[in-house]
Amino acid sequence: MKRELYIVGDIHGEYAMMKDILQYWKKEEQQLVLLGDLAERGPQSLECFLEGKRLVEEEGAIYIRGNHEKILFDWLEDPREAFDWYMRNGGGATITSLLGEEAFEVLSPEEMAQSIHKQYPDLLDFLKNRPLYFETETAICVHAAVDLSLDDWHETSIRDFIWQREPFHSTPNHLDKTIIFGHTVTSHLFKDDTRLTIWEKDGKIGIDTGAAYGGALTGLVWDDRAGRVAEIHQIRHQKKEEAKD
């Protein structure tokens with residue numbers, strides 16, 4: 001096991017930001033951990049999915065399942081009934097990335113789902129089998145939360161691992177490990193839309209700094225032996241930076 005983890009927050013189709021944040025990853029020294037939600041909202045879900053798959057298969061990365069990996073499959077299983085709900089959750093960007101913009105003009109939701117199954121069987125099989133958490137000597141990496149009311153947090157439900165916000169955020173962490181998570185944008189936790197920093201409280205660290213919403217993508221270096229944050233790297237959203245100029 002490498003001494004350090006390099007943990008990347010929610011990417012949401014922002015492939016350029018993903019590539020930029022990975023430039024800070026020291027692959028010989030750090031275990032790469034992706035906290036899930038590589039797709040939806042941003043323009044390049046497919047590229048993010050394929051890069052995540054490559055990093056797991058070729059570089060030994062850990063790619064944790066997020067709720068947006070799950071809702072893709074929820075839609076694929078019931079493409080007509082779940083279509084509007086999927087669109088409200090950013091699914092249109094993923095379908096466009098997988099099939100092209102013309103898909104919405106010529107295909108029904110059922111035909112879109114069939115095309116995705118046909119064109120991407122290996123990718124779908126990969127995504128379906130992503131782990132729900134990654135545990136080390138001093139840290140628990142998870143997309144959304146663990147159930148701190150349980151005697152054994154490992155028994156957290158799938159839904160809570162990938163969806164829960166409260167009561168996780170407000171419950172003190174009684175475990176002997178720091179919980180590092182994404183899912184909830186940290187500006188919401190701070191109740192301050194201008195803050196793009198990581199959130200730390202009660203043995204929990206939130207690192208979703210809003211890449212999908214014009215914020216930043218965060219890469220956190222965790223010293224697993226010392227049990228502390230060693231470095232923080234961020235890539236600011238290009239559109240937001242341009243707006244400042």
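The values are calculated or read from the model by the stated rules, or taken from the named source; none is laboratory data. Quantities reported herein were computed from a predicted structural model and do not represent experimental measurements. Don't worry about glycine lacking a Cβ; one is built from the backbone with ideal geometry, like all the others, and counts go over all protein chains shown. The protein model used for the area step is the full one, side chains on, heavy atoms only, and it has no ligands, DNA or RNA in it. Shrake-Rupley method; radii C 1.70, N 1.55, O 1.52, S 1.80 Å.
Table for the structure above
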| read-out | value |
| --- | --- |
| The chain: calculated mean residue ellipticity at 222 nm from DSSP helix runs of at least 4, using -39500 (n - 2.57) | -10000 deg cm²/dmol |
| Within the chain, percent of DSSP bridges classed antiparallel, to nearest 5 | 55 percent |
| Candidates 105, 166, 29: whichever shows maximal mean-square fluctuation once the chain is modelled as a Gaussian network with Cα springs under 10 Å | 105 |
| Largest to smallest accessible area among 200, 59 [probe 1.4 Å] | 200, 59 |
| Percent RCO, i.e. relative contact order, over the chain, from Cα pairs under 8 Å lying at least 6 residues apart | 22 percent |
| Per-residue SASA entry for residue 198, accessible area with 1.4 Å probe, Å² rounded to 10 | 20 Å² |
| Solvent exposure ordering (accessible area, 1.4 Å, most first) of 154, 12 | 154, 12 |
| Stretch gain in nm, segment residue 54-residue 73, where the contour uses 0.36 nm per residue and the Cα spacing is subtracted | 4.8 nm |
| Solvent-accessible heavy-atom area per residue, rounded to whole Å², over the chain at 1.4 Å | 47 Å² |
| Carbon + sulfur, % of accessible area of region 35-169 - ligands and nucleic acids excluded, 1.4 Å | 45 percent |
| Modelled FRET efficiency - R0 45 Å, residue 107 with residue 171, Cβ distances, 0.05 increments | 0.50 |
| Accessible area of residue 202 in the full protein assembly, 1.4 Å probe (Å², nearest 10) | 70 Å² |
| For region 193-201, Karplus couplings with θ = phi - 60° (6.51, -1.76, 1.60), whole Hz, Gly/Pro x | 5, 8, 8, 10, 8, 5, 10, 10, 6 |
